[in-house]
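Beneath this line is the structure, given in structure tokens, with notes to follow.
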Amino acid sequence: MYQLSSILFTAVPGMDRYIEIFQSSFFPLLKGALTRTIPLTLIAFTIGLILAVITALFRLSGSRILAGIARVYVSIIRGTPLLVQLYIIFFGLGSVGIEIDPFPAAIIGFSLNTGAYASEIIRAAILSIPKGQWEAAHSISMSYGQALRRIILPQATRVSIPPLSNSFIGLVKNTSLASTIMVTEMFRKSQEIVATTYEPLLLYTEAALLYWVICFVLSLGQDAIEKHLNRYVQT
């Protein structure tokens, strides 16, 4: 078997160099994923989810002012590219004296973007709950806040898990855009190594495989959460 592998490696020109580059670049890319890509995703999604709940509740409130603010926020974020938003936060604000470090700037950009999109998911999930649930809560003297917290949101959570999980997985891939504002996440690491090895196909394929592995693991987690929540659904 060793002789066969040696023959295969020597039969492909430059195979030894490719293997050497792959081995030397794997841990720097993995470090970029563990220290920047994954933390950036978790922090931005957590903040974005809080913004999403607040925005969704504003949209559903009886206040025209709050609903208007929420609509404007969602419209601006959904109507402009994420890359442009990152550039405005990092380069644009920096040009007027408001300098933000790359990592915090990325967190702000991704959080605002996630909050706008996730708010529509949460709003739709809340609206999907039958009005009879509200009426039942009011019939036992629950206030609006109590009904929302104890009856509506728990049911809306189960409905919103699949689309929110997809948003989370999408955010993992979107963090590659942070490389454009000098965040040394996984894709940025691959770009730096490409600049010294001149092997873009190998390095970018390696980065793509690592992104795929992360997203695959998250997909398994999503399936497990959905199965757990479905246990409480009456069929």
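The values are calculated or read from the model by the stated rules, or taken from the named source; none is laboratory data. Only a predicted model underlies this, so the values are computations on that prediction, with no experimental measurement involved. Quick reminder, even Gly has a Cβ in these numbers, built from the backbone with ideal geometry, and neighbours come from all protein chains shown.
Brief remarks follow.
- Among the residues of region 188-200, those that are of a type in the set (A, V, I, L, M, F, W, C) and within 11 Å of Ile21 (Cβ to Cβ) comprise Ile193, Val194.
- Residue selected from region 37-66 under the condition hydrophobic (A, V, I, L, M, F, W, C) and within 10 Å of the chain's Cα centre (by Cα), by the criterion surrounded by the most Cβ atoms within 10 Å (Cβ to Cβ): Ala44
- Any chance Ile121 is assigned to a helix (DSSP H, G or I), closer than 20 Å to Ile47 by Cα and touching a helix residue (DSSP H, G or I) at 6+ places or on another chain (Cβ under 6 Å): yes
- Set Gly115, Gly97, Gly92: member being crowded, with 20+ Cβ neighbours inside 10 Å, more than 21 Å from Trp212 (Cβ to Cβ) and among the small types (Gly, Ala, Ser): Gly115
- When Leu29, Leu51, Leu86, Leu66 are screened for being touching a residue at least 12 places away in the same chain (Cβ under 8 Å), more than 30 Å from Thr196 (Cα to Cα) and aliphatic (A, V, I, L, M), only Leu51 passes.
- Residue within region 137-156 that is under 23 Å from the mean Cα position of the chain (by Cα), surrounded by 19 or more Cβ atoms within 10 Å (Cβ to Cβ), at pLDDT below 95 and of a type outside the set (A, V, I, L, M, F, W, C) present: no
- Residue identified as among the β-branched types (Val, Ile, Thr), closer than 22 Å to Phe168 by Cβ and not in a helix (DSSP H, G or I) among Thr114, Thr80, Thr35, Thr46: Thr80
- Taken together, the residues in region 137-193 that are among the acidic types (Asp, Glu) and more than 16 Å from Phe103 (Cβ to Cβ) amount to 1.
- Residue identified as within 22 Å of Gly48 (Cα to Cα), buried (at least 18 other Cβ atoms within 10 Å of the Cβ) and of a type in the set (Phe, Trp, Tyr) among Phe168, Phe187: Phe168
One line per residue, one yes/no per condition, for (1) at pLDDT 95 or above; (2) over 22 Å from Ala156 (Cβ atoms):
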{"site": "Thr46", "(1), (2)": "yes, no"}
{"site": "Leu57", "(1), (2)": "no, no"}
{"site": "Phe90", "(1), (2)": "yes, yes"}
{"site": "Pro102", "(1), (2)": "yes, yes"}
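- Any hit, region 3-18, residues being closer than 30 Å to Ile169 by Cβ, in contact with a helix residue (DSSP H, G or I) (Cβ under 7 Å, 6 or more places away or on another chain) and either assigned to a helix (DSSP H, G or I) or modelled with pLDDT under 95 (or both): yes
- For region 222-235, the criterion of a residue being out of contact with any Phe, Trp or Tyr (no Cβ under 9 Å at 6 or more places or on another chain) and buried (at least 17 other Cβ atoms within 10 Å of the Cβ) is satisfied by no position.
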